[in-house]
Every structure is written in C-alpha cells, then in structure tokens.
Amino acid sequence: MSYRPLHHSWTLRPVTEAHTPAPTQAPAEASTQAPTEAPAEVPVAGPIPASVPGCVHTDLLAAGLIPDPYLDDNETRLGWIGRTDWAYETVFGWEDTGDERVDLVCDGLDTVAEIELNGTLVGTGQNMHRRHRFDVSGALRPGENRLTVRFAAPYAYAERWRDELGERPGPYAEPYQFIRKMACNFGWDWGPTLVTSGIWRPIGLHAWSGARLARVRPFADASGRLRVHADVERLTGDELVLTVAVAGVTASAVLAPDQGSAVVELHVPGARPWWPLGHGEQPLYDLTVTLAAASPGDAPEPHAPEPHAPEPAAPVELDAWRGRIGFRDVTVDTTDGAFTLIVNGEPVFARGVNWIPDDCFPHRVDRARYAERLGQAIDAGVNLVRVWGGGLYESDDFYDVCDERGLLVWQDFTFACAAYPEEGPFAAEVEAEARDNVARLLPHPSLALWCGNNENLEGFSDWHWQERLQGRSWGAAFYYDLLPRIVAEVDPSRPYWPGSPYSGAPDLPPNDPARGTIHIWDVWNHREYGHYRDYRPRFVAEFGFQAPPAYATLRRALSDDPLAPDSPGMIHHQKAVDGNGKLAAGLKPYLPLPGDPRDPENPGIFDDWHYLCQVNQARAISLGVEHLRAQWPHCAGAVVWQLNDCWPVTSWSMIDGDARRKPLWYALRRAFAPRLLTVQPRGDGLALVAINDTPEPWRTAGRAVRHDFGGAVLAERAFELDVPPRGVAEVELAADASGDLAAGSGDPRRELLAVTAGTARCLWFFAPDKDLDLPAPDLAATAEPVEGGIAVTVTARTLLRDLTLFPDRLDSAAEVDEQLVTLLPGERATFLVRTSARLDASALLSRPVLRCVNDVVAAEGPEATAPQDSVQAR
C-alpha cells in the first residue's frame, strides 16, 4: 500500500470561450452588485503554471494576469472566470508497484469536473463538498502519464439546471442553489462574487492490494467505552483481521470472506472525558485501526500445536487508519421548547460565534491560519463555533484545532438562504456529500451538532417562497428526511437539528423565540439595538451589527483619496443592502451623526464616522450578549454573527479581512467573561445580574455607586454576592438611606452608575451618549518603551468614555491589548502596544489614534484627545 501526492508540474489553460449569461430573475432584495457578465473573449492564453491544491483565480493572480480581486473594485472585472471552462494538466512518471489496484483520490474538485488519464475518461465530479475516488488501474502505464482535469464553467452548469428544473427563490440574482459548490463563492452581503474552479484539496494516487479501509467510524463515550465501525473494500476473498489500539488497550475482530464491515468494542480504564472550554480539560487519545490479511494463527486451533512447530506467520498489514479521539457524550435538551447543549451530562451556555470561510479561495487557509483565527475566538471567551451553511465542511485541520482547544462545533450542512432543487443530480449528490462528511468528521469530539441548513425553513415559511415556487421542490426532503436518516445511520452519537432558525416541529413558526433556535435580524435591518431586550429566547444562533474594518485594512485595500463612507472603494466593500444607511440608523439613537465627510473644513469627519461605527457595533453586541446571558438557563446560547471576514469589507465581523481585531472583539471578551456583572432594566428600575459560568461559587462583597461625571458620590449601597456554580443571581438596585441608585433623583445627563464586585465592574448610563453632558476630554498620557512595544498610560482628569487606541494608523502591524475603556476622573489605564516600529509619541497620543466618545459628544472638544502638554514620551 502506498500513497503518492500529485501536486507538482501542473499547468492551467482556458478551453472554451466564455459562456453568455442567461437572464436571471432579480429577488425582492438583492445584493448591491449586478450579476457577472462575460467579456467578448477570454483574456488569457494558456497554458500557465498552476498550483495544486489551488484554483483558477490564484493561479491567474500568481501569473500576473489579473489584479488582486480583494483590492478596490477589481472583483467586477473578473466575472468571466466563472463563465469559462478550464483545464488543469500534469505529466508524471509511474513505476509499477505490483499492487492489484491504483486509485486516483481527489479530496476536493471545484466543481464540475471530467478527469482523463492518458486520454481515457476515468471519472467525473459535480460536487465541491465531497471526496472522489476513481480506479485508474486500466489507464495508468509505466513511464510517462498525462493527467487532465477539465472544469466546466460553474455558471453554465448552474444556469442549465435552473432552466431545466425551474427558478428557485434566493437572496441574490445568482444560481448558487443549482450547483453543489460553496454558496458564498457567488457573493454574499459580506463577500465578493468570485466564482472559481480548481483542484482545491489534495489529489494523489493510492496503490493497494487485497483490501483497504473504506470508512472508519469511532464512537467514544464519556464512560471510556469505544466502539469502532469499519467498512472494507475488498479485492480478496480471504479472512481479514481488524485491530483497534488506543491508550494501551487492543482488541480485534475477524472478517469472514463474505464480510465487508466489522465492529470492535473495548473499554479504556481511566479514560478522561473531553470537555468544552471552561468546563474541563480536552484529553485526546491516539487511535490506530489496522486491517491485515488473516494468518493461520488468527483462527482457533482445534489441537494443541506440536512442541517444535514453527511460529505462525505474522498478519500482513493491508491498510491503517490513524486519528485522535476524545471520550465524551453530547445531547440537546429540547424539553418544553428548550435548546440546551448537554456535554457529559452538564448543561453548557453557548458563548458562540458564526464562522464563514476565512478566504474566498479556501485552499489558502492552512492549519496555522485556522489556529490563529480560532485562537482569536478563544481569547474572546468563545466556547462554540457555528460553521455556517453557505460555506464549507472545513478541513480536518479546523476540527483538530477545535478538538485541542475545547471549541464546540455546530456544523451546518451546506445549504443557505435559498430553495434548493431535489431533482436532477442533486438528491444523489447531497446523499453522497452527507455520507462522506458525516463519516469524515465523526471522530472529532469537538463536533457537537449537525444542522440541516441555514434559514431555508424560515425562507419557505416567512419569505413568500411558496407562491414563487408554485409547488416545486425546495429542499424539505433533504432537511426532514435524507439528512436526519444519514446522521442516524452514520453518526447516531450526535444530535441533528433540521435547520436554524427552527422551533422543533415543521408545523411551528420557525423563528419563534419561545422554542428552539432563532435568528434576530429585525435589529440591524429595521430596529435599533436596544430592541434586543424585547426577546426572551431559548437559543440565539445568529445576531449581529455592522462596522467598518480597521483603518490599516482599509488603506491597504482601497486607493480612495480621501476615504469617505461613500467613496467608491468604501461603497464597493459594503455589500449589505443599504448598509451605510443602516449604520447611520443604528448610530442615530445613541451617538451623534458625523457631518459631511467631504467637507474640506472638517477633515476628521471620516475618522469620527469610522470610530463611532465601531463603538456602536461593540455596544450593540455587548448589550445583546449580556441580555441573553442574564436569562440563563432559560436562554442557553448567544452565537454572534460573525467571527471573521474573507476579504476587506464593512461587515458584522469582529476580526476583519486582514485578521485585525475590531473594538467589538474587546467588548465581546468582556461580555463573554466567565464571571460577568451587568445592569439590566427590570420594570421601572434596575437590577444587577451576576453571571457565574465557572464550576466554583462566586462569593464576594459588592458596591453600587451613583456618580456625577465629576466623580462625586451621589448615592451608594453595599451588598454581598453569592452566585452558585454555572448560575445567575440578581441584586435589586433600589433606593436606600443614602439616596436613589437607579433613577429619578438626579440628572440623567450628568450621572452614571458603577457597580463593582471583586475585580469585576460594570457601568450604567442613564441616557444615550448623544444626550449626555460629557465633558471635553482632559487627560494625561505617557508613552514608554517596554519589551515588545510601547506602554501607553492614560490618567483621566475627566470622565473618559470608551477610550480606544488605534496604533495600526501609525504602524499597520501594531496591535493593542485593550480598547473601549471608560475611566472615571482620577482613574488610570495602561495599554500595551505591540510593535517593532518607533512610533511618534505625539501622534500615538493624539486624535485620530487615541480616541474617546467625548471627542465627538462634548460640546467643545479639543483637536487632540490629549493636550500636547500632557503627552510624555520616555
């Protein structure tokens, strides 16, 4: 048995003229970009060098034949790529290994492919999301071999099936539901339309004899019991031996000549359970499954052996599977409408984020990048990642990192926001795709849930699909029958949920907060973020609020001069319908709207807009998360849309397309802290809610103080906090002898409430910032070189609201350890700026690098956050 990668000496060439686009029906609310159109001719002559794994776009980019599609509006000139047929080709040498069979193994073909070896058609593919294996024994020859993989234009394929099966509703004028390909490759409200083709995952030759392990499914539970199911592809009629080894324990089973599968069960004494982050450790165990040809010694002997009989021959190993497993149990409690993840018998509040493909060209995302991005999620307090259905089943590297770090994974099947046809090739492809990926991902203990789709059930129920479908299929048979049947058969150890949002039964309104999982999008689209408090849900799988990316990210991606919210590049990198209008509408109730960004007398207005939008995003999500966490255990999850971006764009992400953290990331780190204090409205008053998501009780003294903006104490109250493990406690913030803590006795424009308990603190302002009488910022700031960067220390002389440092404006590689810090008069904060550059202290400690809301809200703010005589560099 041997495996040989085929990743070298590939070329790429176009093989047809671009296809003429068919007319498409515009949806009621479409993206801000028009459908792609074909040029008069393909502007590329072939062949050119190609990388495998890779795709057409990145090969053309490497050859200097197209501009970077992520910069400015270059995307708009590349639509012809998805309307062109392409051929990848390589020549390789081969020597006969003596094996009975040689397979061409294709881990990822994107998407509609024909594979020829030495002029012989050996296989076809029409699904990006599954692996393919083709017997090429008859076509392979000693010496030189020519392998050609031809990809049909994705648009031509999808539009042909759309025309044959009938239009289906979707959010954009793109036919993505008619091809089993990453949906967001066709554009989304946060992503570009870059429809590509290519050999996007490894490809190689697998030579084998006798038999091979076709599928291995290990089921390990929290008691230490392991059950391994193995399916075998045979070329031999001999007996086979299947052996399982883990943690020093070994067990075997013999497969009779007519058997194609076997089950081996064993128990691992002392196996430690795998826990999600914050609930315990994540022990992983190496598992080896081997398949061997049976020797005479494997069968029971009817007589004792002769004293000097030769030792029986050792079994000949034919194949082996190696991986890591974790011992754990996972279920979902749906009693009385609940949706609560239960891991090893313990309920878990899902502090979650939604994951989209981290690059439009996913072959560029390697293990190191997964580790970086998921590490950023973990550092923000996240314990669950939802892999969204418009993207991918990610590579095993993604799930390996989640296994190691304790991130639970909610995995959507790859359907999103559209009606999908069930006829033509699609039912068979969906079944093959599901069987492949459910089995592939099964060993990962981090994988907690399979979900049928994203928002398709809601679309059919609430988005006027039914009248547009006129009885045509839309995917219901997938979500309610095929997929749950496959999960029950291939991976009965995990729960399946038909879609999200979903209320637990097909005849119920899918987005009912009283049941199951919901998505909250009236906030952002139509209502300001205070309306998050209108919801008392069981589990929120999506909610989000937009903001632009980091300034350095914008400056790298856009050549606009000057930058403005409506400058050409900014508009092109804002894909949401009326996105800037919704940003303005979201600001209006809380923060002042900046003036005309093109006013030459106000050159800092874009900087104000950029800062305030980022502050508003952070506040919106903080409010939503704190409100949802305060409802535990009634509400068991807050999964924020979204963690990451695939390119530089104004979006709902907390990590932008250049991997920079927005202020939201820092706010979410506080809102997802294991121990959290939050002030919540309760009727006409206020209550302190203390949330303890740790295994130990939280007992400490607390103090609630009503201050004026000058720092004077107007009223105060001491209290004792006693919060049980994984529990929530409330303290009414009512009046006492010293005065009213909550409201009614003072001036809401000039006062705030500060509550502390141990090292935790939270603040409550009695009016939105635009109505506050914030003082002009007065502070002292110093910048001192330290190992790894610069320590910036700010001492407040006045109340400073959401003090934030943006060192990327001076050094694009610079990062800061904290943002959005509110200081009362006399308080001090130190920010560590990680940079190798020598930064100008005056610029570092002045606007637009050092900001606070007072800059914009205060009636008469200085030009710089810190007066120059308060700036000190050391």
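General remarks:
- Spatially close lysines, pair count over the chain: Cα under 19 Å, gap of eight or more or interchain: 4
- DSSP beta bridge pairing in the chain, given as percent antiparallel to the nearest 5: 85
- Value of relative contact order over the range 735-852, rounded to a whole percent, pairs C-alpha under 8 Å and six or more apart: 21
- Förster radius 35 Å - calculated FRET efficiency between residue 534 and residue 231, Cβ distance, rounded to 0.05: 0.10
- Listed peptides 813-820, 465-472, 776-783 appear in the order 776-783, 813-820, 465-472 once ranked by packing, highest mean of other Cβ atoms within 10 Å at the front.
- A crude spin-label estimate for the pair residue 333 and residue 435, with each label 7 Å from Cα along the Cβ direction, gives 3.7 nm.
- Over the range 96-219 - Rg/Rh using Cα atoms and the Kirkwood inverse-distance radius: 1.07
- Structural descriptor for the chain: relative contact order 9 percent, calculated from alpha carbon pairs under 8 angstrom and at least 6 residues apart.
- Full extension of the segment from residue 818 to residue 566, taken as 0.36 nm per residue of separation minus the current Cα-Cα distance, would add 87.8 nm.
- Antiparallel bridges, percent of DSSP beta bridges restricted to the range 380-519 (to nearest 5): 10
- Under 13 Å, Cβ to Cβ, from residue 615 - net charge with Lys/Arg +1 and Asp/Glu -1: 0
- Rough spin-label spacing in nm, given labels placed 7 Å along Cα→Cβ, for residue 137 and residue 556: 5.0
- Computed from Cα positions, the angle between helix 367-379 and the longest principal axis of the chain comes to roughly 40 degrees.
- Calculated [θ] (222 nm, deg cm²/dmol) that DSSP helices of n ≥ 4 give over the chain, each run adding -39,500 (n - 2.57): -4500 deg cm²/dmol
- Per residue, the Cα convex hull of the range 477-552 amounts to 159 Å³.
- Relative contact order (percent, whole number), the range 310-447, Cα cutoff 8 Å, 6+ residue spacing: 22
- Calculated FRET value between residue 286 and residue 368, using beta carbons and R₀ = 22 Å, to 0.05: 0.50
- Multiplying the residue separation of residue 732 and residue 659 by 0.36 nm and subtracting their alpha-carbon distance yields 22.1 nm.
- The 1.4 Å probe gives accessible areas that order 761, 494, largest first, as 761, 494.
- Taking the square roots of 5 times each eigenvalue of the Cα gyration tensor of the range 634-700, largest first, gives ellipsoid semi-axes of 30, 15, 11 Å.
- Residue 467/residue 488 FRET efficiency (R0 30 Å; Cβ-Cβ; nearest 0.05): 0.35
- Counting only Cβ charges, +1 for Lys and Arg and -1 for Asp and Glu, the dipole size of the chain around its Cα centre is about 1100 debye.
- With Rh defined as the Kirkwood radius, the inverse of the mean 1/r over Cα pairs, the Rg/Rh of the chain is 1.00.
- log₁₀ of I(q)/I(0) at q = 0.18, 0.19, 0.21, 0.23 Å⁻¹ - the range 322-417, Debye sum with one point per alpha carbon: -0.92, -1.02, -1.19, -1.34
- Taking all C-alpha pairs of the range 136-204, those more than 15 Å from each other amount to 64 percent.
- Taking 0.36 nm per residue of sequence separation and removing the Cα-Cα distance, the residue 756/residue 703 pair yields an extension gain of 18.5 nm.
The values are calculated or read from the model by the stated rules, or taken from the named source; none is laboratory data. Because the structure is a prediction, the values reported are computed rather than measured. Heads up, the Cβs are rebuilt from the backbone with ideal geometry, glycines too, and the neighbour counts pull from every protein chain shown. Surface areas here come from the heavy atoms of the whole protein model, side chains and all, with no ligands, DNA or RNA. Shrake-Rupley method; radii C 1.70, N 1.55, O 1.52, S 1.80 Å.
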